[in-house]
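Okay, so here's the structure we're looking at.
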Amino acid sequence: VKKLDRLNEKLDKAVIRAPKAGMVIYANERSRYSSVTIELHSAVKEGQAIIRLPDLTRMEAKVLVNESKIELLKMSSPANLKIGDRIFHGTVNSIANQPERGSFGSDVKEYATIVSIDGEADGLKPGMTAEVEILVEEFKDVLTVPVSAVVERSGKYFCWVAPGTKSPEQRELILIGTNDRKMAV
């Protein structure tokens, strides 16, 4: 009987009660220095977070930004998020000052950037895949040219233009800005 009482007492202490109603997810964390995976039958340490109760009314996306682009980001920069077939607008909420732990043998450093989703995010769930575009600079009244149409020679940029019925002629471009797809000239 004493053993049964001790086991029931241990069982009572093993029950976790959420402070509020909602979805419960494992508190899996990955950083540059550690990786904690919580799953069924995992060993846990005292004081270690094992579950989270996400606020589904305030959804965020974690984006890994390459070190070559991190200096372009600013807090509160606007962003567009594509999740499934839906488009959301958001804002850069935080930018990590340390890179994430990379894959084995990788020299590429990526920084975690949190983009909060503005307004209603009905139907979204934690862990969904998002395609995120962060606006880092905006140019007004400029011509954009596909990157594939531009040639660089000796630090100068050129493209070929076919004015009217004449044959194409080479023209030098003054580069204002670029992304992976277009150049502003």
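The values are calculated or read from the model by the stated rules, or taken from the named source; none is laboratory data. Note that the structure is predicted; figures quoted are calculated from it, not measured. Every residue, glycine as well, gets a Cβ built from its backbone with ideal geometry; the counts of neighbours run over all protein chains shown. Each accessible area value is taken on the protein alone, full model and side chains, heavy atoms only, with ligands, DNA and RNA left out. Shrake-Rupley method; radii C 1.70, N 1.55, O 1.52, S 1.80 Å.
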Distance violations [Cα-Cα > 21 Å] among K69/K182; K156/K182; K20/K125; K69/K109; K62/K140; K140/K182: K62/K140
Translational D in µm²/s for segment 100-160 (Stokes-Einstein at 20 °C, 1.002 mPa s, Kirkwood Rh from C-alpha pairs): 126 µm²/s
Sites matching chymotrypsin sites (Phe, Trp or Tyr not before Pro) across segment 56-111 that sit in DSSP coil, with at most 16 neighbouring C-beta atoms within 10 Å: F104
Accessible area in square angstrom per residue, the chain, 1.4 angstrom probe: 78 Å²
Cα gyration tensor, segment 33-113 - rounded (a/c under 1.5), prolate or oblate: oblate
Distance between segment 151-174 and segment 73-128 - C-alpha centres, whole angstrom: 38 Å
Two-site FRET efficiency, T178 against Q98, from Cβ-Cβ distance with R₀ of 22 Å, rounded to 0.05: 0.20
With Cα atoms, 0 to 90° folded angle of helix 2-14 axis to the chain main axis: 20 degrees
Potential lengthening between R171 and S154 on full extension [0.36 nm per residue; Cα-Cα distance subtracted]: 4.7 nm
Highest-first arrangement of 45-56, 73-84, where packing means the average Cβ count within 10 Å: 73-84, 45-56
Which of V185, N8, P54, positive extreme of dipole for the chain (C-beta unit charges): N8
The chain - percent of accessible surface contributed by carbon and sulfur, probe 1.4 Å: 51 percent
Debye, to nearest 20: dipole size of the chain, +1 on Lys, Arg Cβ, -1 on Asp, Glu Cβ: 640 debye
